[in-house]
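Read the structure below first, then the notes.
The values are calculated or read from the model by the stated rules, or taken from the named source; none is laboratory data. Treat the numbers as computed from the prediction; the structure is a model and nothing was measured. Neighbour counts are summed over all protein chains in view; Cβ atoms, including those assigned to glycine, are modelled from backbone coordinates with ideal geometry. Protein only, heavy atoms only, side chains kept; ligands, DNA and RNA dropped before computing areas. Shrake-Rupley method; radii C 1.70, N 1.55, O 1.52, S 1.80 Å.
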Amino acid sequence: MATAAAAPPLYASSSSSSSFSSSPNKPLFNNIFFLRPPLPSTKLTTTPRLSVSAAATTAVELGQAPQSSTPAKTLPFRVGHGFDLHRLEPGYPLIIGGIDIPHDRGCEAHSDGDVLLHCVVDAILGALGLPDIGQIFPDNDPKWKGAPSSVFIKEAVRLMHEAGYELGNLDATLILQRPKVSPHKEAIKANLSALLGADPAVVNLKAKTHEKVDSLGENRSIAAHTVVLLMRK
Ligand SMILES: [Zn+2]
């Protein structure tokens, strides 16, 4: 179990670890240690990361009412970035944004390997200052094995609303050499918007190849980036 992040010290300690000390046991700047002004108290608040991640798993499992997870520092806007990559292997379905895309290979993963939904979840969690998807839905937990990634999205959206935010807009980029995404783009976007409970006008999806280089360009992997802007409700 992790612990909440400790507040940073207000001033330097007399630790011997400073590489600027002339003596390992005698700090160089003894006389100015207490001249540094204290940081504003708002920067010292901690986010209840633990209770939130624990609540996330529990709420999904039991369908409980939201538990308290309001970030300590309330901002009018919060941005988050998500990245994910999966190896492509023959014999697996290729699920992107909840849509089954015909292809000769798919993602070998603990869940359905939906690279887009995973990185969207991480972007939302990141914007909320929460742990990443791997911590909230550990891949060594059998209850998530084969789970559709829509479960993770719905939980991330629940946490977003619980924290008092709604989606401003989302911009995602898929990176894959094959197959072409354009025939499926509207279906992916529509499904992603529905999962987010968002107007499709604020959900953008782009796709690009990797110029046939590296694993992405050699059809051995697929990746996605997502940036989200959350707005205070
Ligand atoms: Zn993933």
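Descriptive notes on the structure:
- Proximal charge balance of G146 [Cβ under 14 Å; K/R count +1, D/E count -1]: -3
- Portion, in percent, of the accessible area of segment 49-232 that falls on carbon or sulfur, probe 1.4 Å: 54 percent
- For segment 86-113, the residues whose backbone nitrogen is under 12 Å from a point 7 Å from the Cα of R220, taken along Cα to Cβ, are 87-89.
- Length-normalised contact order of segment 75-233 in % [C-alpha pairs under 8 Å, at least 6 apart]: 34 percent
- Highest mean packing comes first when the peptides 202-211, 122-131 are listed by Cβ atoms within 10 Å, giving 122-131, 202-211.
- Proximal charge balance of H110 [Cβ under 10 Å; K/R count +1, D/E count -1]: -3
- Once the C-beta distance of Q135 and D104 is scaled by a Förster radius of 35 Å, the resulting FRET efficiency is 0.60 to the nearest 0.05.
- Angstrom value of the Kirkwood radius, inverse mean 1/r, which spans all Cα pairs in segment 87-177: 13.9 Å
- For segment 49-232, the solvent-accessible area works out to 45 Å² per residue, with a probe of 1.4 Å and every protein chain left in place.
- Annotation: peptides 221-230, 102-111, 161-170, ranked by per-residue average of other Cβ atoms within 10 Å with the highest first, follow the order 221-230, 161-170, 102-111.
- Each residue was assigned an accessible area with a 1.4 Å probe, and for R220 the value is about 110 Å².
- Stretching the chain fully between D199 and K154 yields a gain of 14.6 nm (0.36 nm per residue, less the alpha carbon separation).
- Positive-end extreme of charge dipole, segment 49-232 - chosen from A201, A127, P183 (charges on Cβ): A201
- Prolate/oblate/rounded label for segment 130-222 (Cα gyration tensor, a/c 1.5): oblate
- Separation in nanometres of the label points that stand 7 Å from Cα toward Cβ, at F77 and K208: 2.3 nm
- Proximal charge balance of R178 [Cβ under 12 Å; K/R count +1, D/E count -1]: +2
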